[in-house]
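All remarks here apply to the structure that follows.
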Amino acid sequence: MFLLSDYLKGREDHPMNTTINRRGLLAAAATAAGAAATPDIAHADAHDHKEIPSDVALRVKSLESLLVEKGLVDPSALDALVDTFEHKLGPRNGARMVARAWIDPSYKQRLLADGSAALAELGYGSAQGADVLVVENTAQVHNLVVCTLCSCYPWAVLGLPPVWYKSAPYRSRAVIDPRGVLREFGLELPQDVEVRVWDSTAELRYLVLPERPTGSEQLSEEALAALVTRDAMIGVAKVALPQKGARL
Amino acid sequence: MNGVHDMGGMQDMGPIQYERDEPVFHAPWEGRVYG
């Protein structure tokens, strides 16, 4: 799926900018050599890329006003959508589901057998009409979710994906060097643990059911849910007890 | 079937840039466009 926001974000750290920096170096060298092209190159180097977002903000405002004026968009509908994604959909929903699976073996069984139906049991729909497959981490198997094509992600239970999930480094390397990627997230897996990488599609989204941390036997469902992080449900982290420094 | 969108297995993309406490939308316009 193409997102304008992704495209523009991509531009900010696009390799082109590296090229400009390299050009800057060249410009310095060219100045020393007294080359004629120096002024233009120097300008390119001094160019402030911060003007891009404000330009976009203005364009978005104009577009929205036009759409509202023409009666094509109701601004309160936009407010409601923004509110939904900022406050209602998000990893808290997935965490609730994981905690339920940890304390209720029959729910866990249903969750692994039919993810979409088990989500619906807790009142979560599938925002995009895609099915959800839940994969379980064990002492022998670690699951990792990626979308090498774009940014497919189980919105209903995790919200919108973080930028790194949509980034080229994660998407390209999760399948070719999953252990290296996990190491970058601070997760070193023993060699005898099998790593399974799941490549999401428009029709099927994956969610990791992390291992319940040892020492959490006494915790309530709510306390357990509070331990479960977004990263653990993507598979780039484990769930840890608070004193071990869980990444939120 | 190599293509610009299918990034699986591509090399030299560099390290993953992790953002702590990342907001859902980084700027108000992102939410408006998304909506």
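Can A:Leu149 be described as within 14 Å of chain B (Cβ to nearest Cβ), within 16 Å of A:Lys238 (Cα to Cα) and within 16 Å of the chain's Cα centre (by Cα)?
Considered against the rule, which asks whether it is within 14 Å of chain B (Cβ to nearest Cβ), within 16 Å of A:Lys238 (Cα to Cα) and within 16 Å of the chain's Cα centre (by Cα), A:Leu149 comes out as no.
Among the residues of the range A:225-234, is there at least one that is surrounded by fewer than 15 Cβ atoms within 10 Å (Cβ to Cβ), away from chain B (no Cβ under 14 Å) and either on the phi < 0 side of the Ramachandran plot or within 17 Å of the chain's Cα centre (by Cα) (or both)?
no
Need at least 2 residues that are farther than 15 Å from A:Val228 by Cβ and either touching a strand residue (DSSP E or B) at 6+ places or on another chain (Cβ under 8 Å) or within 13 Å of chain B (Cβ to nearest Cβ) (or both) per element, so show me which helices (runs of 4 or more DSSP H) inside the range A:51-146 make the cut, counting only ones lying wholly within it.
The helices (runs of 4 or more DSSP H) meeting that bar are A:51-69, A:75-83, A:115-121.
I need every pair where a residue in the range B:3-27 that is facing chain A (nearest Cβ under 7 Å) and at positive phi has its Cβ under 9 Å from the Cβ of a residue that is surrounded by 14 or more Cβ atoms within 10 Å (Cβ to Cβ) and assigned to a loop (DSSP other than H, G, I, E, B), sequence separation at least 6 or different chains.
B:Gly9/A:Thr148
Could you check the range A:153-248 for helices (runs of 4 or more DSSP H) lying wholly inside it with 1 or more residues that are of a type in the set (Ser, Thr, Tyr) and touching a residue at least 12 places away in the same chain (Cβ under 8 Å)?
Output list reads A:163-166, A:168-176.
Look through the range A:162-180, keep the residues that are crowded, with 18+ Cβ neighbours inside 10 Å and more than 7 Å from every other protein chain (Cβ to nearest Cβ), and return whichever of them is nearest to A:Thr229 (Cα to Cα).
So the residue we want is A:Tyr165.
Look at the range A:192-241 and say how many of its residues are touching a Leu at 6+ places or on another chain (Cβ under 7 Å), among the hydroxyl-bearing types (Ser, Thr, Tyr) and closer than 23 Å to A:Leu160 by Cα.
2
All of the numbers you see were taken from the coordinates with simple rules; none came from a lab. Remember, it's a predicted structure, so these values are computed and weren't measured experimentally. Glycine also receives a Cβ, built like all others from the backbone with ideal geometry; neighbour counts cover every protein chain displayed.
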